[in-house]
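A.B. asks: Would you mind keeping the following structure in view while I ask a few things?
Coordinate-derived values only; no laboratory data. Because the structure is predicted, anything quoted here is derived from the model rather than measured. Positions of Cβ are generated from backbone atoms using ideal geometry, with glycine treated the same way; all protein chains shown enter the neighbour counts.
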Amino acid sequence: MSERHSLFLVGPRGAGKSSVGALAAKALGLSFQDSDVLVERQAGIAVAEIFDKHGAAAFRATERRILLRLCQEPGLLVASGGGSLEDPRVRSALASLPGVVWLDAPPGILLDRTRDSARPPLTHMPPRQELEWLVATREAQYRQVADLRIDTGSMNPDEVVDVIQHFWSSLSDHHLR
């Protein structure tokens with residue numbers, strides 16, 4: 001794989017982008033970047049506080065700037081925010097890159113994994129209903145940019161990393177979109 005490429009993980013909250021991403025980056029020798037952590041670092045406050053103090057639009061604008069910059073950098077494995085693809089500029093940038101992996105899991109598993117999350121709700125719906133709505137709403141966006149979809153619901157993190165490693169090693173310049 002050419003040094004000019006990076007690998008991006010997309011998918012809903014709880015699919016494993018951050019946890020699997022860190023493991024996969026280490027296994028692949030890539031630098032791990034988590035867009036939520038980078039947004040927090042730039043803002044100087046936690047994601048929940050950004051939503052509370054500045055609103056979702058401010059969070060998404062910062063996230064967009066960070067992800068568009070990361071799309072230009074080589075040798076990274078990037079865990080993107082679950083809603084980052086709502087921005088058409090981010091979606092377009094990722095759709096033009098090779099190496100976008102959609103991590104997914106059934107709603108019940110996603111809900112179990114995010115039950116204690118500090119992330120604020122995005123609607124006034126009950127948690128399961130909100131999660132199902134978000135997954136349904138964003139599925140077409142994930143499908144638009146992803147080169148590979150992995151159901152993490154029935155796999156342990158090491159198995160997911162193995163699939164990502166195989167995918168990464170199979171990429172070459174003739175696979176570029």
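A.B. asks: With only alpha-carbon atoms counted, please give the Rg and Dmax of the range 9-60, in Å.
C.D. replies: 12.8, 38
A.B. asks: Where both residues lie in the chain, what percent of DSSP beta bridges are antiparallel, nearest 5? Spell out each step's value before the answer.
C.D. replies: Values: 0 of 14 bridges.
Of all bridge pairs located within the chain, approximately 0 percent are antiparallel.
A.B. asks: If you don't mind, there's one more thing I want to ask. Convert 37 °C to kelvin, take the viscosity as 0.692 mPa s, use the Kirkwood radius over C-alpha pairs of the chain as Rh, and evaluate the Stokes-Einstein diffusion coefficient in µm²/s, rounded to a whole number. Mind showing how you got there, number by number?
C.D. replies: Working: Rh = 16.3 Å.
Value of D from the Cα-based Kirkwood radius: 201 µm²/s.
A.B. asks: Would you mind checking which residues have amide H under 5 Å from Asp34's amide H? H placed 1.01 Å from N; only 5 or more apart, or other chain.
C.D. replies: Those qualifying (amide H under 5 Å, at least 5 residues apart or on another chain) are Ala79.
A.B. asks: Place a point 7 Å from Cα of Val37 in the direction of its Cβ. Which residues in the range 98-115 have their backbone N less than 18 Å from it?
C.D. replies: Answer for this model: none.
A.B. asks: Just to verify a number: FRET efficiency for Gln72 and Asp158, C-beta to C-beta distance, R0 = 41 Å, to 0.05? Intermediate values should be presented prior to the final figure.
C.D. replies: Details: r = 31 Å, r/R0 = 0.75.
Here the calculated transfer efficiency is 0.85.
A.B. asks: Is it possible to state the helix-based mean residue ellipticity at 222 nm for the chain, with each DSSP H run of 4+ residues giving -39500 (n - 2.57), the sum divided by total residues, to the nearest 500 deg cm²/dmol? What is it?
C.D. replies: On the way: 8 runs with 93 residues, N = 177.
So the helix-based figure for the chain works out to -16000 deg cm²/dmol.
A.B. asks: So for the pair Arg143, Ala58, with labels modelled 7 Å out along Cα→Cβ, what separation do we get in nm?
C.D. replies: 3.6
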